[in-house]
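First up is the structure itself, then whatever we jot down about it.
The values are calculated or read from the model by the stated rules, or taken from the named source; none is laboratory data. Not measured: the values here are computed from a predicted model. Don't worry about glycine lacking a Cβ; one is built from the backbone with ideal geometry, like all the others, and counts go over all protein chains shown.
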Amino acid sequence: MQGKIMFVLGAAAGYVVGTRTGRQGYERLKTQAKNFWQNPKVQNTVSQAEDFAREKLPVVGEKLNNTVKKHVAHSDSEESSSRPADDSTAPVDETSAPPSNQGGHANG
């Protein structure tokens, strides 16, 4: 569906840019687009799509949330099993970190 919309928009843009009738062609295209958008059938379809999205969004969001939680839990368990036991207790020495290049270019 998105591909069709992009094709129509691209065709319309190409028409506007390439038209020899200039402003007249643009105005005609603009009027046709406005009439299309205001068509009751189009607005009914838009309304149905909005209602469908509102209805399904909570379900999709919950499934996505559960999937992410499972993935994070799986990643955490893999990471802890592959990490050496003494690695988690090693102190972090922030003074030995390489200096950051804040706001400047290395060779500029």
**Message:** Cβ-Cβ distance below 6 Å, separation of 6 or more or different chains: which pairs start in region 33-62 with a residue that is not assigned by TED's automatic domain parsing to the domain that holds ALA11 and end on one that is assigned to a helix (DSSP H, G or I)?
**Reply:** none
**Request:** Provide a single number: the residues in region 13-50 that are of a type outside the set (Gly, Ala, Ser) and outside any helix (DSSP H, G or I).
**Result:** 4
**Request:** For region 49-62, state whether one or more residues are small (Gly, Ala, Ser) and surrounded by fewer than 10 Cβ atoms within 10 Å (Cβ to Cβ).
**Result:** no
